[in-house]
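Here's the structure, in structure tokens; my notes come after.
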Amino acid sequence: MEKVSVIMPAYNAAGFIKESILGVLNQTYQDYHLYVIDDASTDNTADVVKPFIHDRLTYIRNNTNQGVAETRNIAIEAARGDYIAFCDSDDVWRENKLARQVGVLKTNRYDVVCSHYSPSKMIRRW
């Protein structure tokens, strides 16, 4: 059983999900499993995800579009970790995110940990 189940809902995410997956796979903390749940995408999200499927990544596909909340719930049902982490398919984690957050949770002082975001350098500023 993994310590952290990472839940990544995806819908028509082919253009950016690869970076999100790599952000999770490149974590310094390695006791996790990534669950990518495709909410019936109409693009080639599945083709982008499939090369990454292995013992640390499970791909689940909804037959019909369920919306992001239900999609997360489906993935949570599949999850087996002690902790749940959410990573949207257009987010990219810093390599020490899980290590830092699990460290905080292990203190038993907190039940939930969240983090802020950094604007991407790729975003155009008009």
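Within the group Val48, Val24, Val68, which residue is within 11 Å of the chain's Cα centre (by Cα) and among the β-branched types (Val, Ile, Thr)?
On the way: Val48 fails: within 11 Å of the chain's Cα centre (by Cα); Val68 fails: within 11 Å of the chain's Cα centre (by Cα).
Exactly one residue qualifies, and that residue is Val24.
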Pairs only if they're at least six apart or on different chains, beta carbon under 6 angstrom, first in the range 64-75 and in contact (Cβ under 8 Å) with a residue 40 or more places away in the chain, second among the acidic types (Asp, Glu) and buried (at least 18 other Cβ atoms within 10 Å of the Cβ); list them, first residue then second. Asn65/Asp39; Thr71/Asp39
Might you check whether a residue that is assigned to a helix (DSSP H, G or I) and of a type in the set (A, V, I, L, M) occurs anywhere in the range 34-48? yes
Just one of the numbered conditions (1) at pLDDT below 95; (2) closer than 21 Å to Ala14 by Cβ is not true of Cys87; which one? (1)
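Any chance you could count how many residues in the range 29-49 are among the β-branched types (Val, Ile, Thr) and surrounded by fewer than 15 Cβ atoms within 10 Å (Cβ to Cβ)? Give the steps one after another, and end with the answer.
Start the filter on the range 29-49 by keeping residues that are among the β-branched types (Val, Ile, Thr), which leaves 36-37, 42, 45, 48-49.
Now narrow it down to the ones that are surrounded by fewer than 15 Cβ atoms within 10 Å (Cβ to Cβ): 42.
Total satisfying the criteria: 1.
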Failed condition for Ile53, given (1) modelled with pLDDT under 95; (2) among the aliphatic types (A, V, I, L, M); (3) more than 22 Å from Tyr11 (Cβ to Cβ): (3)
Please tell me if Thr45 is in contact (Cβ under 8 Å) with a residue 60 or more places away in the chain and of a type in the set (Val, Ile, Thr). no
Filter result (under 19 Å from Tyr83 (Cβ atoms) and of a type outside the set (S, T, N, Q)) within the range 22-54: Gly23, Val24, Leu25, Tyr29, Asp31, Tyr32, His33, Leu34, Tyr35, Val36, Ile37
Working only within the range 17-28, note down all residues that are crowded, with 17+ Cβ neighbours inside 10 Å and either in a loop (DSSP other than H, G, I, E, B) or touching a Lys or Arg at 6+ places or on another chain (Cβ under 6 Å) (or both). Gln27
Suppose we keep only residues that are hydroxyl-bearing (Ser, Thr, Tyr) and farther than 10 Å from Ile37 by Cα within the range 50-91. Which one would you say is surrounded by the fewest Cβ atoms within 10 Å (Cβ to Cβ)? Thr64
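The values are calculated or read from the model by the stated rules, or taken from the named source; none is laboratory data. Remember, predicted model here, so these are calculated numbers, not experimental data. Because the Cβ atoms are built from the backbone with ideal geometry, glycine has one as well, and the counts that use them run over all protein chains shown.
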